1. Applying the Karplus parametrisation 6.51 cos²θ - 1.76 cosθ + 1.60 with θ = phi - 60° to the phi angles of region 73-87, what ³J(HN,Hα) value in whole Hz is obtained for each residue in order, glycine and proline being reported as x?
2. Suppose a student asked you for the relative contact order of the chain, using Cα pairs under 8 Å spaced at least 6 residues apart; what percent would you report?
3. With every protein chain left in place, what is the accessible area per residue of the chain in square angstrom, probe 1.4 Å?
4. Which value results when the Cα radius of gyration for the chain is divided by 2.2 N^0.38 Å?
5. Given a 1.4 angstrom probe, I'd like the percentage of the accessible area of region 174-261 that is carbon and sulfur, rounded to a whole number.
6. Run the helix sum for the chain: -39,500 (n - 2.57) per DSSP H stretch of 4+ residues, divided by residue count, reported at 222 nm to the nearest 500 deg cm²/dmol.
7. What nm value, rounded to one decimal, do you get for the distance between HIS142 and ARG264 when each label is placed 7 Å out toward the C-beta?
8. What does DSSP give for the chain in terms of the percent of beta bridges that are antiparallel, rounded to the nearest 5?
Amino acid sequence: MPPANPRLNVDVPGRKWQQIEAFAAHLDFARRAGHWLDWCSGKGHLGRRLLGTGQKLTCLEYDPALVAAGEHLSQHHHLAVEHRLQDVMAPSTAEHITAAHTPVALHACGDLHVRLIQLAAAKGCPQLAIAPCCYNRTAGPHYQALSTAARASTLQLDLDDLGLPLSETVTAGNRVRRQRDQSMAWRLGFDLLQRQLRNRDDYLPTPSLPSAWLQKPFAEYCQHLAALKGISIKEGTDWPALEAAGWQRLAQVRNLELVRNLFRRPLELWLVLDRALYLHEQGYNVRLGTFCAHSLTPATSCCWPNNLWISL
Ligand SMILES: C[S@@+](CC[C@H](N)C(=O)[O-])C[C@H]1O[C@@H](n2cnc3c(N)ncnc32)[C@H](O)[C@@H]1O
(Lines give C-alpha, C1' and ligand atoms only; values in the text may rest on other atoms or scores of the structure.)
Protein backbone atom coordinates (compact mmCIF):
# COMPACT_ATOMS: atom_id res chain seq x y z
CA MET A 1 0.00 0.00 0.00
CA PRO A 2 1.61 3.34 -1.03
CA PRO A 3 2.08 5.94 1.71
CA ALA A 4 -0.92 8.14 2.48
CA ASN A 5 -1.31 11.64 1.17
CA PRO A 6 0.11 13.56 4.17
CA ARG A 7 -2.93 15.84 4.43
CA LEU A 8 -5.46 13.00 4.49
CA ASN A 9 -5.35 12.48 8.23
CA VAL A 10 -6.42 16.04 9.03
CA ASP A 11 -9.64 15.77 11.08
CA VAL A 12 -9.03 12.10 11.93
CA PRO A 13 -8.36 11.42 15.63
CA GLY A 14 -4.80 10.14 16.13
CA ARG A 15 -5.63 6.66 17.37
CA LYS A 16 -8.22 6.14 14.64
CA TRP A 17 -5.69 7.14 11.99
CA GLN A 18 -3.09 4.77 13.44
CA GLN A 19 -5.64 1.94 13.23
CA ILE A 20 -6.45 2.83 9.64
CA GLU A 21 -2.76 2.93 8.73
CA ALA A 22 -2.20 -0.42 10.43
CA PHE A 23 -5.18 -1.95 8.62
CA ALA A 24 -4.03 -0.56 5.27
CA ALA A 25 -0.47 -1.79 5.85
CA HIS A 26 -1.70 -5.35 6.31
CA LEU A 27 -3.81 -5.54 3.16
CA ASP A 28 -2.07 -7.87 0.78
CA PHE A 29 -4.50 -8.80 -1.95
CA ALA A 30 -3.42 -10.90 -4.92
CA ARG A 31 -4.91 -8.38 -7.35
CA ARG A 32 -5.18 -4.62 -7.21
CA ALA A 33 -8.65 -3.45 -6.18
CA GLY A 34 -10.64 -1.70 -8.90
CA HIS A 35 -13.51 -0.46 -6.74
CA TRP A 36 -13.28 -0.26 -2.94
CA LEU A 37 -16.49 -0.60 -0.94
CA ASP A 38 -16.08 0.89 2.55
CA TRP A 39 -18.76 -0.88 4.59
CA CYS A 40 -20.27 1.10 7.48
CA SER A 41 -17.77 3.72 6.57
CA GLY A 42 -18.51 6.50 9.01
CA LYS A 43 -16.94 9.51 7.29
CA GLY A 44 -15.04 7.21 4.92
CA HIS A 45 -11.54 7.72 6.36
CA LEU A 46 -10.48 4.15 5.63
CA GLY A 47 -11.76 4.18 2.06
CA ARG A 48 -10.03 7.49 1.27
CA ARG A 49 -6.78 6.13 2.73
CA LEU A 50 -6.97 3.09 0.42
CA LEU A 51 -8.07 4.93 -2.69
CA GLY A 52 -5.32 4.95 -5.30
CA THR A 53 -4.94 6.20 -8.86
CA GLY A 54 -7.57 4.80 -11.21
CA GLN A 55 -9.54 3.19 -8.39
CA LYS A 56 -13.12 3.95 -7.37
CA LEU A 57 -14.57 4.16 -3.89
CA THR A 58 -18.11 3.77 -2.60
CA CYS A 59 -18.86 4.30 1.09
CA LEU A 60 -22.01 2.83 2.66
CA GLU A 61 -23.18 4.47 5.87
CA TYR A 62 -26.63 4.96 7.43
CA ASP A 63 -26.00 8.07 9.52
CA PRO A 64 -26.86 11.13 7.35
CA ALA A 65 -24.56 13.41 9.35
CA LEU A 66 -21.59 11.09 8.74
CA VAL A 67 -22.48 10.77 5.04
CA ALA A 68 -22.56 14.56 4.74
CA ALA A 69 -19.28 14.95 6.66
CA GLY A 70 -17.71 12.26 4.47
CA GLU A 71 -18.84 14.02 1.30
CA HIS A 72 -17.40 17.25 2.58
CA LEU A 73 -14.03 15.64 3.35
CA SER A 74 -13.86 13.85 0.00
CA GLN A 75 -14.55 17.13 -1.82
CA HIS A 76 -11.98 18.86 0.33
CA HIS A 77 -9.36 16.30 -0.75
CA HIS A 78 -10.57 16.46 -4.39
CA LEU A 79 -11.43 12.78 -4.37
CA ALA A 80 -14.36 11.44 -6.39
CA VAL A 81 -16.03 9.24 -3.79
CA GLU A 82 -19.61 8.09 -3.70
CA HIS A 83 -20.94 8.42 -0.15
CA ARG A 84 -24.18 6.50 -0.18
CA LEU A 85 -26.76 6.77 2.59
CA GLN A 86 -27.59 3.13 3.11
CA ASP A 87 -28.73 0.89 5.93
CA VAL A 88 -26.60 -2.16 5.16
CA MET A 89 -29.13 -4.43 6.86
CA ALA A 90 -31.85 -3.36 4.41
CA PRO A 91 -32.67 -5.73 1.53
CA SER A 92 -31.78 -2.99 -0.98
CA THR A 93 -28.10 -3.22 0.01
CA ALA A 94 -27.75 -6.27 -2.22
CA GLU A 95 -28.10 -3.89 -5.19
CA HIS A 96 -25.01 -1.96 -4.13
CA ILE A 97 -22.51 -4.77 -3.95
CA THR A 98 -21.18 -6.61 -6.98
CA ALA A 99 -18.31 -8.89 -7.89
CA ALA A 100 -16.43 -5.78 -9.03
CA HIS A 101 -16.13 -4.53 -5.46
CA THR A 102 -13.37 -5.09 -2.91
CA PRO A 103 -15.21 -4.56 0.37
CA VAL A 104 -13.38 -3.41 3.49
CA ALA A 105 -14.90 -3.05 6.93
CA LEU A 106 -13.09 -1.64 9.91
CA HIS A 107 -15.11 -2.11 13.07
CA ALA A 108 -18.46 -2.90 11.53
CA CYS A 109 -20.18 -4.25 14.61
CA GLY A 110 -21.82 -7.66 15.01
CA ASP A 111 -24.52 -8.32 12.43
CA LEU A 112 -23.13 -5.55 10.20
CA HIS A 113 -19.94 -7.41 9.28
CA VAL A 114 -21.78 -10.75 9.15
CA ARG A 115 -24.11 -9.22 6.59
CA LEU A 116 -21.09 -8.12 4.55
CA ILE A 117 -19.51 -11.56 4.67
CA GLN A 118 -22.73 -13.22 3.53
CA LEU A 119 -23.52 -10.70 0.78
CA ALA A 120 -19.94 -10.56 -0.53
CA ALA A 121 -19.81 -14.35 -0.76
CA ALA A 122 -23.22 -14.49 -2.48
CA LYS A 123 -22.20 -11.80 -4.98
CA GLY A 124 -18.81 -13.38 -5.69
CA CYS A 125 -16.60 -10.51 -4.52
CA PRO A 126 -13.14 -11.87 -5.24
CA GLN A 127 -11.51 -10.35 -2.14
CA LEU A 128 -12.42 -8.52 1.03
CA ALA A 129 -10.91 -7.53 4.37
CA ILE A 130 -12.63 -6.99 7.68
CA ALA A 131 -11.74 -6.22 11.26
CA PRO A 132 -14.73 -7.71 13.04
CA CYS A 133 -15.95 -6.54 16.44
CA CYS A 134 -18.84 -6.27 18.91
CA TYR A 135 -20.14 -9.81 18.47
CA ASN A 136 -22.95 -9.07 20.93
CA ARG A 137 -24.58 -6.53 18.61
CA THR A 138 -26.80 -9.09 17.03
CA ALA A 139 -30.56 -9.32 16.58
CA GLY A 140 -31.25 -12.67 18.24
CA PRO A 141 -30.84 -13.62 21.90
CA HIS A 142 -28.28 -16.31 21.00
CA TYR A 143 -25.29 -16.57 18.71
CA GLN A 144 -26.13 -17.91 15.26
CA ALA A 145 -23.02 -19.75 14.11
CA LEU A 146 -22.02 -19.29 10.48
CA SER A 147 -19.73 -22.21 9.64
CA THR A 148 -20.65 -25.87 9.53
CA ALA A 149 -18.10 -26.65 12.23
CA ALA A 150 -19.42 -24.00 14.64
CA ARG A 151 -23.03 -24.97 13.97
CA ALA A 152 -22.16 -28.55 14.92
CA SER A 153 -20.59 -27.39 18.20
CA THR A 154 -22.47 -27.80 21.48
CA LEU A 155 -21.29 -24.33 22.55
CA GLN A 156 -24.35 -22.11 23.11
CA LEU A 157 -23.57 -18.41 23.46
CA ASP A 158 -25.99 -15.77 24.70
CA LEU A 159 -25.59 -11.99 24.42
CA ASP A 160 -23.79 -11.76 27.73
CA ASP A 161 -21.22 -14.34 26.58
CA LEU A 162 -20.82 -12.50 23.28
CA GLY A 163 -20.00 -9.31 25.16
CA LEU A 164 -17.09 -10.94 26.98
CA PRO A 165 -14.45 -10.21 24.30
CA LEU A 166 -15.30 -6.50 24.59
CA SER A 167 -15.25 -6.24 28.34
CA GLU A 168 -11.63 -5.24 28.77
CA THR A 169 -10.80 -1.58 29.02
CA VAL A 170 -7.51 -1.27 27.26
CA THR A 171 -6.66 2.34 27.34
CA ALA A 172 -7.91 3.63 30.70
CA GLY A 173 -5.24 5.38 32.73
CA ASN A 174 -4.59 4.91 36.44
CA ARG A 175 -6.83 7.80 37.48
CA VAL A 176 -9.79 6.44 35.54
CA ARG A 177 -9.19 2.94 36.90
CA ARG A 178 -9.04 4.24 40.49
CA GLN A 179 -12.24 6.19 39.95
CA ARG A 180 -13.97 3.15 38.49
CA ASP A 181 -12.85 0.99 41.42
CA GLN A 182 -14.05 3.52 43.96
CA SER A 183 -17.38 3.91 42.26
CA MET A 184 -17.91 0.17 42.19
CA ALA A 185 -16.74 -0.34 45.79
CA TRP A 186 -19.10 2.39 47.00
CA ARG A 187 -22.01 0.99 45.05
CA LEU A 188 -21.31 -2.44 46.51
CA GLY A 189 -21.20 -0.86 49.98
CA PHE A 190 -24.51 0.90 49.36
CA ASP A 191 -25.94 -2.38 48.10
CA LEU A 192 -25.22 -4.00 51.48
CA LEU A 193 -26.88 -1.06 53.23
CA GLN A 194 -30.04 -1.11 51.11
CA ARG A 195 -30.42 -4.87 51.70
CA GLN A 196 -30.31 -4.29 55.48
CA LEU A 197 -32.63 -1.27 55.41
CA ARG A 198 -35.22 -2.80 53.11
CA ASN A 199 -34.85 -6.15 54.83
CA ARG A 200 -34.69 -7.72 51.39
CA ASP A 201 -31.77 -9.70 50.09
CA ASP A 202 -32.00 -8.57 46.50
CA TYR A 203 -30.29 -6.09 44.20
CA LEU A 204 -31.78 -2.61 43.86
CA PRO A 205 -30.88 -0.81 40.62
CA THR A 206 -29.65 2.72 41.27
CA PRO A 207 -28.81 5.51 38.82
CA SER A 208 -25.12 6.11 38.17
CA LEU A 209 -23.94 9.33 39.78
CA PRO A 210 -21.56 11.88 38.24
CA SER A 211 -17.94 11.30 39.30
CA ALA A 212 -18.04 14.51 41.41
CA TRP A 213 -20.00 12.46 43.97
CA LEU A 214 -16.89 10.37 44.59
CA GLN A 215 -15.18 13.46 46.07
CA LYS A 216 -17.79 13.64 48.85
CA PRO A 217 -17.78 11.53 52.02
CA PHE A 218 -19.07 7.96 51.55
CA ALA A 219 -21.94 8.66 53.98
CA GLU A 220 -23.17 11.55 51.86
CA TYR A 221 -22.95 9.44 48.70
CA CYS A 222 -25.10 6.72 50.29
CA GLN A 223 -27.58 9.22 51.73
CA HIS A 224 -28.06 10.68 48.26
CA LEU A 225 -28.62 7.27 46.66
CA ALA A 226 -30.98 6.30 49.46
CA ALA A 227 -32.99 9.51 48.98
CA LEU A 228 -33.22 8.83 45.24
CA LYS A 229 -34.70 5.41 46.02
CA GLY A 230 -36.96 6.67 48.84
CA ILE A 231 -35.10 4.73 51.57
CA SER A 232 -34.52 6.30 54.98
CA ILE A 233 -31.22 5.63 56.71
CA LYS A 234 -31.12 4.78 60.41
CA GLU A 235 -29.03 6.70 62.94
CA GLY A 236 -25.75 5.11 63.96
CA THR A 237 -24.74 3.54 60.65
CA ASP A 238 -21.10 2.49 60.86
CA TRP A 239 -19.92 4.19 57.66
CA PRO A 240 -16.23 3.19 57.83
CA ALA A 241 -17.21 -0.47 58.30
CA LEU A 242 -19.72 -0.28 55.46
CA GLU A 243 -17.22 1.33 53.12
CA ALA A 244 -14.60 -1.30 54.02
CA ALA A 245 -17.16 -4.02 53.27
CA GLY A 246 -17.76 -2.44 49.86
CA TRP A 247 -14.04 -2.59 49.06
CA GLN A 248 -13.93 -6.20 50.28
CA ARG A 249 -16.76 -7.10 47.92
CA LEU A 250 -14.97 -5.32 45.08
CA ALA A 251 -11.92 -7.54 45.69
CA GLN A 252 -14.17 -10.61 45.41
CA VAL A 253 -15.69 -9.30 42.17
CA ARG A 254 -12.24 -8.67 40.71
CA ASN A 255 -11.18 -12.23 41.61
CA LEU A 256 -14.24 -13.67 39.86
CA GLU A 257 -13.44 -11.52 36.84
CA LEU A 258 -9.97 -13.02 36.69
CA VAL A 259 -11.52 -16.42 36.03
CA ARG A 260 -14.04 -15.07 33.56
CA ASN A 261 -11.36 -13.14 31.72
CA LEU A 262 -9.38 -16.29 31.04
CA PHE A 263 -12.05 -17.12 28.47
CA ARG A 264 -12.11 -13.73 26.79
CA ARG A 265 -9.48 -14.14 24.11
CA PRO A 266 -10.21 -17.84 23.36
CA LEU A 267 -13.88 -16.95 22.92
CA GLU A 268 -13.06 -14.11 20.59
CA LEU A 269 -10.81 -16.35 18.52
CA TRP A 270 -13.59 -18.94 18.35
CA LEU A 271 -15.93 -16.27 16.94
CA VAL A 272 -13.37 -14.98 14.45
CA LEU A 273 -12.56 -18.50 13.34
CA ASP A 274 -16.27 -19.13 12.75
CA ARG A 275 -16.21 -16.26 10.25
CA ALA A 276 -12.99 -17.53 8.67
CA LEU A 277 -14.34 -21.08 8.35
CA TYR A 278 -17.59 -19.84 6.85
CA LEU A 279 -15.67 -17.91 4.18
CA HIS A 280 -13.40 -20.89 3.56
CA GLU A 281 -16.54 -22.97 2.98
CA GLN A 282 -17.62 -20.37 0.42
CA GLY A 283 -14.40 -20.99 -1.50
CA TYR A 284 -12.19 -18.19 -0.17
CA ASN A 285 -8.58 -18.46 0.90
CA VAL A 286 -8.59 -16.82 4.28
CA ARG A 287 -5.80 -15.17 6.21
CA LEU A 288 -6.44 -14.34 9.82
CA GLY A 289 -4.17 -12.14 11.86
CA THR A 290 -3.63 -9.23 14.19
CA PHE A 291 -3.20 -5.91 12.52
CA CYS A 292 -2.37 -3.48 15.28
CA ALA A 293 -1.00 -3.35 18.78
CA HIS A 294 -3.41 -4.08 21.59
CA SER A 295 -2.79 -0.58 22.96
CA LEU A 296 -4.25 0.98 19.80
CA THR A 297 -7.74 -0.36 20.38
CA PRO A 298 -10.23 2.07 21.87
CA ALA A 299 -11.29 2.05 25.49
CA THR A 300 -14.89 1.11 24.97
CA SER A 301 -16.40 -1.77 23.09
CA CYS A 302 -14.77 -1.75 19.66
CA CYS A 303 -12.51 -3.65 19.32
CA TRP A 304 -9.77 -6.21 19.44
CA PRO A 305 -7.30 -5.90 16.64
CA ASN A 306 -8.31 -9.02 14.77
CA ASN A 307 -8.23 -8.93 11.05
CA LEU A 308 -9.51 -11.27 8.39
CA TRP A 309 -7.98 -10.91 4.95
CA ILE A 310 -9.93 -12.86 2.46
CA SER A 311 -9.44 -13.54 -1.19
CA LEU A 312 -10.75 -16.10 -3.63
C1 LIG B 1 -17.60 1.69 14.87
S2 LIG B 1 -18.10 2.72 13.57
C3 LIG B 1 -16.85 2.41 12.36
C4 LIG B 1 -16.77 3.48 11.32
C5 LIG B 1 -15.61 3.33 10.33
N6 LIG B 1 -15.64 2.05 9.65
C7 LIG B 1 -14.30 3.53 11.04
O8 LIG B 1 -13.60 2.56 11.34
O9 LIG B 1 -14.00 4.69 11.33
C10 LIG B 1 -19.50 1.86 12.91
C11 LIG B 1 -20.22 2.61 11.81
O12 LIG B 1 -21.30 1.83 11.33
C13 LIG B 1 -22.39 2.68 11.06
N14 LIG B 1 -23.61 1.84 11.04
C15 LIG B 1 -24.22 1.28 12.10
N16 LIG B 1 -25.29 0.58 11.69
C17 LIG B 1 -25.35 0.69 10.34
C18 LIG B 1 -26.24 0.20 9.35
N19 LIG B 1 -27.28 -0.58 9.68
N20 LIG B 1 -25.99 0.51 8.07
C21 LIG B 1 -24.94 1.29 7.74
N22 LIG B 1 -24.07 1.79 8.63
C23 LIG B 1 -24.26 1.50 9.93
C24 LIG B 1 -22.34 3.68 12.18
O25 LIG B 1 -23.08 4.85 11.89
C26 LIG B 1 -20.84 3.93 12.27
O27 LIG B 1 -20.42 4.94 11.40
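The values are calculated or read from the model by the stated rules, or taken from the named source; none is laboratory data. All values derive from a computational prediction rather than experimental measurement. Ideal geometry is used to build each Cβ from the backbone, glycine not excepted, and the neighbour counts take in all protein chains shown. Keep in mind that these areas ignore ligands, DNA and RNA; they rest on the heavy atoms of the full protein, side chains included. Shrake-Rupley method; radii C 1.70, N 1.55, O 1.52, S 1.80 Å.
1. Karplus values, whole Hz, x for Gly and Pro: 5, 5, 5, 4, 8, 6, 10, 7, 10, 9, 9, 9, 6, 8, 7.
2. Working: 447 pairs, mean separation 59.9, N = 312.
For the chain, the relative contact order is 19 percent.
3. Details: 15960 Å² over 312 residues.
Value for the chain: 51 Å² per residue.
4. Working: Rg = 23.9 Å, N = 312, 2.2 N^0.38 = 19.5 Å.
For the chain, the normalised Cα radius of gyration comes out at 1.22.
5. Details: 2970 of 5700 Å².
That fraction is 52 percent.
6. On the way: 10 runs with 132 residues, N = 312.
That calculation yields -13500 deg cm²/dmol at 222 nm.
7. 2.7 nm
8. Numbers: 11 of 28 bridges.
Roughly 40 percent of the beta bridges in the chain run antiparallel, per DSSP.
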